[in-house]
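Below is one structure, written out as structure tokens, with a few remarks after it.
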Number of protein chains: 2
Amino acid sequence: MRAAVIADGEVAVQDRPDPEPGAGEVLVRVRAAGLNGADLHQRKGNYPAPPGSPPDIPGLELAGEVVALGPGAQRFAEGDRVMAIAGGGGQAELCVVHERQLMPVPDELDWPSAGGVPEVFTTSHDAVFTQAGLLAGERFLVHGAAGGVGTAGVQVARAAGAHVTATVRNEALHDGVRELGAHEVLAPDAYADGGPYDVVLELIGAPNIPDSLNALNTGGRIVVIGIGAGFKADLNLLALMGKRARIMASTLRPRPLEEKALTARAMERSVLPLLARGDVRVPIAETFPLDRVHDAYERFAAGGKLGKIVLVT
Amino acid sequence: MRAAVIADGEVAVQDRPDPEPGAGEVLVRVRAAGLNGADLHQRKGNYPAPPGSPPDIPGLELAGEVVALGPGAQRFAEGDRVMAIAGGGGQAELCVVHERQLMPVPDELDWPSAGGVPEVFTTSHDAVFTQAGLLAGERFLVHGAAGGVGTAGVQVARAAGAHVTATVRNEALHDGVRELGAHEVLAPDAYADGGPYDVVLELIGAPNIPDSLNALNTGGRIVVIGIGAGFKADLNLLALMGKRARIMASTLRPRPLEEKALTARAMERSVLPLLARGDVRVPIAETFPLDRVHDAYERFAAGGKLGKIVLVT
């Protein structure tokens, strides 16, 4: 198979042996694979793949067709359209994924959209609903809403009946985030008057924590998923006590199979119906064929876009 | 009635009009009322009573006999032995409490013990179980274990099947905390090797947060209830993400009636049976008659004790 391969801080396509599915695993002919921030970190050598994943083939998400089943795999059949988060290896013509991490692709989704669904929607849904427990009628604030996880978070929160306030640094992207369902899109320093907020999705980092806590409602929750702007936060425990608030944080990639499988089941139950109905969607900024993986990474790194960069294979 | 009254930074007994129970409320002839750290803050003028509570009669907890029922009150009958957290006013011969905040006193408890149960056991149980979700088999760390909430936390965690590690600054109190059920009692700087811990009950304050987070297990929870040593904490969001951890904090006193009532129901279900069986108990350091309320406060403020200071009326 042909695969994107990381070596010496660069990414390029090479030929690699076809992978074979082990017990409970499925071999997928990849049709689309979204890029994510973690790919850039891995290209720089800062984010090694977890054990069991190809060490040098990037790609945390993919969509494609089932072409072979490993021993005992039974959830899907050859030819089924599937998508998944993977520990790595998604940016290739073939990828092996455990069947319990796979989700069916709704008929309404084309391949580029499906390839951009798993990582950002699973991350958002897990953070905002499974962890922070956002409820209909609550006020939801997302910092860094123009990114992949942010655009997914805006949509699933809006679809679930929350009032959505988004902060976006790049003013050129404000209209796009508003079109995705945000009730307000504000500059990063302009949100404090709009609260109090019940759930804050933090995709920027530590500098936002004090103001987010100040703007939090009684019983509020801050969930930290992105820390690009810094990780050393000042936390006022008196304010946290007074608001009976919680701060939580997580990443998906190092979780064990059973926890990742649970996030996939939550997606099937709560997000795939919204995608099938068109209530939420995957904004695609640009697609690139696998051969142009270098250009795709450069486009992703340049920023200033709204929506996913997706490799199509 | 005679009541402890706070004026000009001092506390002394005065005569006051008998309170009358309103709708759903119960008039209790107080037999015992434990002292708590909040009483000292209120004596200094730093912790005003919430609306609806007597502004100058302290006392967050009490035990006694029902002597009159307000309109619609039906959970208890005259003569019943009851105990409760109150918004204030517990350190008096009579106190009005909403019936949904009252709990029955198990037959096995004498008055001083009953007067020392509500605040520390409700606070501990709510923090460790309702908020942090401690499970049997998990490792539990409590900082400041020799205080009232700490001794209650050690006991309920041990009774629920957790492994209990306690830190206590005063070495003279280590044996007493061990006798309450702690598997290890350590100096405040000696716990880091004993983890990783699944739940940390923080009763000291901000300086402990970085080391507690370092010693936390994947999926661990830190619950902050006491901040006497400081409230400005350094929080490493990268570590919080890597451990998929949560930090939560709360106080009981400002919660609305319905939330306080829920904590009383949780106590009835999960803690009163342990008290009745003698699996957990209320260590009493000293009792004082109401007339000696000044001496009781001075004894409480002096510290160095294990167990509650309780006024008996």
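The values are calculated or read from the model by the stated rules, or taken from the named source; none is laboratory data. The model shown is predicted, which means the values in this text are computed figures rather than measured ones. Note that each Cβ is placed from the backbone with ideal geometry, even for glycine, and that neighbours are counted across all protein chains shown.
Worth pointing out:
- Entry remark, the range B:123-147: residues being over 17 Å from B:ARG221 (Cα atoms) and in contact with a strand residue (DSSP E or B) (Cβ under 6 Å, 6 or more places away or on another chain) number 1 in total.
- Output for the range B:58-88, where each listed residue is surrounded by fewer than 24 Cβ atoms within 10 Å (Cβ to Cβ), among the charged types (D, E, K, R) and in contact with a helix residue (DSSP H, G or I) (Cβ under 8 Å, 6 or more places away or on another chain): B:ARG75, B:ARG81
- Annotation note: of A:VAL293, A:VAL200, the sole residue that is more than 10 Å from chain B (Cβ to nearest Cβ), touching a residue at least 40 places away in the same chain (Cβ under 8 Å), within 28 Å of A:ARG31 (Cβ to Cβ) and buried (at least 24 other Cβ atoms within 10 Å of the Cβ) is A:VAL293.
- Residue in the range B:113-126 that is surrounded by fewer than 24 Cβ atoms within 10 Å (Cβ to Cβ) and within 14 Å of chain A (Cβ to nearest Cβ) present: yes
- Flag for B:ALA206 being within 14 Å of another protein chain (Cβ to nearest Cβ), at pLDDT 95 or above and touching a helix residue (DSSP H, G or I) at 6+ places or on another chain (Cβ under 9 Å): yes
- Within the range A:213-228, the set of residues being within 12 Å of another protein chain (Cβ to nearest Cβ) and among the polar types (S, T, N, Q) comprises A:THR218 only.
- Helices (runs of 4 or more DSSP H) wholly inside the range A:213-300 that include at least 1 residues being farther than 30 Å from B:SER250 by Cα and touching a helix residue (DSSP H, G or I) at 6+ places or on another chain (Cβ under 6 Å): A:257-270, A:272-277
- When the range B:263-278 is filtered for residues that are surrounded by 18 or more Cβ atoms within 10 Å (Cβ to Cβ) and over 29 Å from B:LEU235 (Cβ atoms), the ones remaining, listed by number, are B:ALA264, B:MET267, B:VAL271, B:LEU272, B:LEU274, B:LEU275.
- Whichever residue in the range B:245-262 is at pLDDT 95 or above and surrounded by fewer than 20 Cβ atoms within 10 Å (Cβ to Cβ) and, among such residues, is farthest from the other protein chains (Cβ to nearest Cβ): B:ALA261
- Screening A:VAL271 with (1) away from chain B (no Cβ under 14 Å); (2) within 22 Å of the chain's Cα centre (by Cα); (3) within 26 Å of B:VAL223 (Cα to Cα) gives one miss only, at (3).
- Residues in the range B:182-234 that are over 15 Å from B:VAL154 (Cβ atoms) and acidic (Asp, Glu) were compared, and the one that is nearest to the chain's Cα centre (by Cα) is B:ASP198.
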